[in-house]
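Engineer: Could you have a look at this structure, given as structure tokens, before my questions?
The values are calculated or read from the model by the stated rules, or taken from the named source; none is laboratory data. Computed from a predicted structure; not experimentally measured. Positions of Cβ are generated from backbone atoms using ideal geometry, with glycine treated the same way; all protein chains shown enter the neighbour counts.
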Amino acid sequence: MPEYRNQTVTFLTQKFREIGIQPVSKHGQNFLIDMNILNLIVRSADLSRKDVVLEVGTGTGTLSTRMADQAGHVVTVEIDEHLHQLSMEELIDFENVTMLQFDVLKNKNNFAPKVLETVKEQLALIPDSNFKLVSNLPYNIATPIISNLLRTDILPKSMTVTIQKELGERIVARPRTKDYSALSIWMQSQCDCEIVRILPPTVFWPRPKVESAIIHLVLNPKKRARIVDIEFFHKFVRALFFHRRKFLRNVLQSAMKGILEKKEVDAILQKHKYRKDARAEEFEVEQIIELAEIFRQAVPEPEE
């Protein structure tokens, strides 16, 4: 492996002092200072010259350089103008890195168009290329980044990211557990999900108040193909868990309000032999997919 500059606390504090800045908590600026963890992230992502990587949060460019040495192209986005300038020094010699400076999210549910456009441009330049997300994600945008990437027209082959441990546990949670949620079903219905390692606060500067995790998510086309209408499924699953402790019948009647009558919801549940006292949190992912499709087919066609 090539020799890289180590991103130590001493290096970071000196650099920040030189340019007169401090880490900005609202941007989730917690920098990885354990080089073994940085290397583990890159190894877990299994990069090759066929890969176009999206990195959210360039920081000082330490992870970017490691990825650029192995990937075909790296598109890295940084919201902080000062960090963008700082990382330009680190990445100046890498011709296969595109640096963007703005908020990666247009809003909570959508990426900034320029991000996806830039990724598409780079994918078009590499024959048979793959798209991967690899990032030390800011806690405050981790959920919208990884969940909404599965709703775009360029699906990632994999996502390898550091996130809050609590979020990682929600993603891999099983039915009948406190962490099982709409996010668990959304991610597991399309991806093979694995927590690679739990990270203590000491591997970051400044230290966060909670533990983190490296999570590796691999898109599984066979799983995703079971979902007939992705947008319907996304809304349906969120509605199911909006009141997770309510009975399935009550949740569905609320979710289908204005679309199906209560008696129609009851008839569907009775026909398919769902218990009246069942709750969504009891169902396996496969069962939720089946339930969503049953109700999708029951929705009347819009009048022309």
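Engineer: Ile163: surrounded by 15 or more Cβ atoms within 10 Å (Cβ to Cβ) and assigned to a helix (DSSP H, G or I), yes or no?
Structural biologist: Against the criterion (surrounded by 15 or more Cβ atoms within 10 Å (Cβ to Cβ) and assigned to a helix (DSSP H, G or I)), Ile163 does not qualify.
Engineer: Output the residue which, of all residues in the stretch 197-214 that are touching a Leu at 6+ places or on another chain (Cβ under 7 Å) and not in a loop (DSSP other than H, G, I, E, B), is surrounded by the most Cβ atoms within 10 Å (Cβ to Cβ). Even if it seems obvious, please write down each step before you answer.
Structural biologist: So the first thing to find is which residues in the stretch 197-214 are touching a Leu at 6+ places or on another chain (Cβ under 7 Å), and the list is 197, 203-205, 211-214.
Checking the rest, the ones that are also not in a loop (DSSP other than H, G, I, E, B) come to 197, 203-205, 212-214.
Working: Arg197: 16, Val203: 21, Phe204: 20, Trp205: 21, Ser212: 28, Ala213: 20, Ile214: 21.
Only one residue tops the list, namely Ser212.
Engineer: Which one is surrounded by the most Cβ atoms within 10 Å (Cβ to Cβ) among residues in the stretch 95-105 that are in a loop (DSSP other than H, G, I, E, B) and touching a Gly at 6+ places or on another chain (Cβ under 9 Å)?
Structural biologist: If we filter the stretch 95-105 for residues that are in a loop (DSSP other than H, G, I, E, B), which is where we start, we get 95-96, 102-104.
Then keep just the ones that are touching a Gly at 6+ places or on another chain (Cβ under 9 Å); that gives 96, 104.
On the way: Asn96: 18, Val104: 23.
Once the filter is applied, the top-ranked residue is Val104.
Engineer: Does Glu301 fit the bill of being touching a residue at least 12 places away in the same chain (Cβ under 8 Å) and more than 23 Å from Cys191 (Cβ to Cβ)?
Structural biologist: Values: touching a residue at least 12 places away in the same chain (Cβ under 8 Å): no; more than 23 Å from Cys191 (Cβ to Cβ): yes.
It is false that Glu301 is touching a residue at least 12 places away in the same chain (Cβ under 8 Å) and more than 23 Å from Cys191 (Cβ to Cβ).
Engineer: I've got another one for you. With (1) touching a residue at least 60 places away in the same chain (Cβ under 8 Å); (2) under 13 Å from Val75 (Cα atoms); (3) aliphatic (A, V, I, L, M) as the list, and Ile126 as the residue in question, which single condition is left unmet?
Structural biologist: (2)
Engineer: Is there a residue in the stretch 24-34 that is in contact (Cβ under 8 Å) with a residue 60 or more places away in the chain, assigned by TED's automatic domain parsing to the domain that holds Leu105 and among the aromatic types (Phe, Trp, Tyr)?
Structural biologist: yes
Engineer: Still on this structure, please answer the following. Do we find a residue being within 30 Å of Val9 (Cβ to Cβ) and free of Cβ contacts under 8 Å to residues at least 24 places away in the same chain anywhere in the stretch 214-221?
Structural biologist: No, every residue in the stretch 214-221 fails to be within 30 Å of Val9 (Cβ to Cβ) and free of Cβ contacts under 8 Å to residues at least 24 places away in the same chain.
Engineer: If a residue has to be more than 14 Å from Gly57 (Cα to Cα) and surrounded by 13 or more Cβ atoms within 10 Å (Cβ to Cβ) to count, how many in the stretch 118-136 make the cut?
Structural biologist: The initial filter retains those residues of the stretch 118-136 that are more than 14 Å from Gly57 (Cα to Cα), namely 118-132.
Imposing the further condition that a residue be surrounded by 13 or more Cβ atoms within 10 Å (Cβ to Cβ) reduces the set to 118-123, 126, 129-132.
Qualifying residue count, the stretch 118-136: 11.
Engineer: Test of understanding: among Ala239, Ala267, which residue is assigned to a helix (DSSP H, G or I) and within 28 Å of the chain's Cα centre (by Cα)? Before you say what the answer is, go through the steps one by one.
Structural biologist: Working: Ala267 fails: within 28 Å of the chain's Cα centre (by Cα).
Among Ala239, Ala267, only Ala239 is assigned to a helix (DSSP H, G or I) and within 28 Å of the chain's Cα centre (by Cα).
Engineer: Which of the residues spanning the stretch 142-160 are surrounded by fewer than 19 Cβ atoms within 10 Å (Cβ to Cβ) and either closer than 16 Å to Asp192 by Cβ or within 14 Å of the chain's Cα centre (by Cα) (or both)? Write out each step before concluding.
Structural biologist: Start the filter on the stretch 142-160 by keeping residues that are surrounded by fewer than 19 Cβ atoms within 10 Å (Cβ to Cβ), which leaves 143-144, 147-148, 151-155, 157.
Of everything in the stretch 142-160, those that are surrounded by fewer than 19 Cβ atoms within 10 Å (Cβ to Cβ) and either closer than 16 Å to Asp192 by Cβ or within 14 Å of the chain's Cα centre (by Cα) (or both) turn out to be Thr143, Pro144, Ser147, Asn148, Arg151, Thr152, Ile154, Leu155, Lys157.
Engineer: Is it true that Ser87 is assigned by TED's automatic domain parsing to the domain that holds Asn30 and either part of a strand (DSSP E or B) or buried (at least 22 other Cβ atoms within 10 Å of the Cβ) (or both)? Don't jump to the end; show me each part of the working.
Structural biologist: On the way: assigned by TED's automatic domain parsing to the domain that holds Asn30: yes; either part of a strand (DSSP E or B) or buried (at least 22 other Cβ atoms within 10 Å of the Cβ) (or both): yes.
Yes; evaluated as a whole, the condition is true for this residue.
Engineer: Look at Leu155 and say whether it is within 22 Å of Arg43 (Cα to Cα) and either of a type in the set (Lys, Arg) or in a loop (DSSP other than H, G, I, E, B) (or both). Before the answer, list the steps.
Structural biologist: On the way: within 22 Å of Arg43 (Cα to Cα): yes; either of a type in the set (Lys, Arg) or in a loop (DSSP other than H, G, I, E, B) (or both): yes.
The answer is yes for Leu155.
Engineer: Which residues, taken from the stretch 19-33, are out of contact with any strand residue (DSSP E or B) (no Cβ under 8 Å at 6 or more places or on another chain) and either more than 15 Å from Glu90 (Cβ to Cβ) or at pLDDT 85 or above (or both)? Before the answer, list the steps.
Structural biologist: Looking only at the stretch 19-33, we keep the residues that are out of contact with any strand residue (DSSP E or B) (no Cβ under 8 Å at 6 or more places or on another chain), and these are 19-22, 24-29.
Of everything in the stretch 19-33, those that are out of contact with any strand residue (DSSP E or B) (no Cβ under 8 Å at 6 or more places or on another chain) and either more than 15 Å from Glu90 (Cβ to Cβ) or at pLDDT 85 or above (or both) turn out to be Gly20, Ile21, Gln22, Val24, Ser25, Lys26, His27, Gly28, Gln29.
Engineer: Please work out if Phe247 is loosely packed, with under 14 Cβ neighbours inside 10 Å, modelled with pLDDT under 95 and out of contact with any strand residue (DSSP E or B) (no Cβ under 9 Å at 6 or more places or on another chain).
Structural biologist: Values: loosely packed, with under 14 Cβ neighbours inside 10 Å: no; modelled with pLDDT under 95: yes; out of contact with any strand residue (DSSP E or B) (no Cβ under 9 Å at 6 or more places or on another chain): yes.
No: the conditions fail for Phe247.
Engineer: With respect to Ser44, determine if the residue is of a type in the set (Gly, Ala, Ser) and in contact (Cβ under 8 Å) with a residue 60 or more places away in the chain.
Structural biologist: Numbers: of a type in the set (Gly, Ala, Ser): yes; in contact (Cβ under 8 Å) with a residue 60 or more places away in the chain: yes.
Spelling it out, Ser44 is indeed of a type in the set (Gly, Ala, Ser) and in contact (Cβ under 8 Å) with a residue 60 or more places away in the chain.
Engineer: Now for a separate question. Among Leu123, Leu133, Leu149, which is assigned to a helix (DSSP H, G or I), closer than 19 Å to His216 by Cβ and either in contact with a helix residue (DSSP H, G or I) (Cβ under 7 Å, 6 or more places away or on another chain) or hydrophobic (A, V, I, L, M, F, W, C) (or both)? Write out each step before concluding.
Structural biologist: Details: Leu123 fails: closer than 19 Å to His216 by Cβ; Leu133 fails: assigned to a helix (DSSP H, G or I).
Checking each option against the conditions leaves just Leu149.
Engineer: Which one is nearest to Lys15 (Cα to Cα), of the residues in the stretch 71-108 that are within 18 Å of the chain's Cα centre (by Cα) and in contact (Cβ under 8 Å) with a residue 40 or more places away in the chain?
Structural biologist: Step one: filter the stretch 71-108 for residues within 18 Å of the chain's Cα centre (by Cα), giving 74-79, 103-108.
If we keep only those that are in contact (Cβ under 8 Å) with a residue 40 or more places away in the chain too, we end up with 75, 79, 104-105.
On the way: Val75: 24, Ile79: 18, Val104: 25, Leu105: 28 Å.
Selected residue: Ile79.
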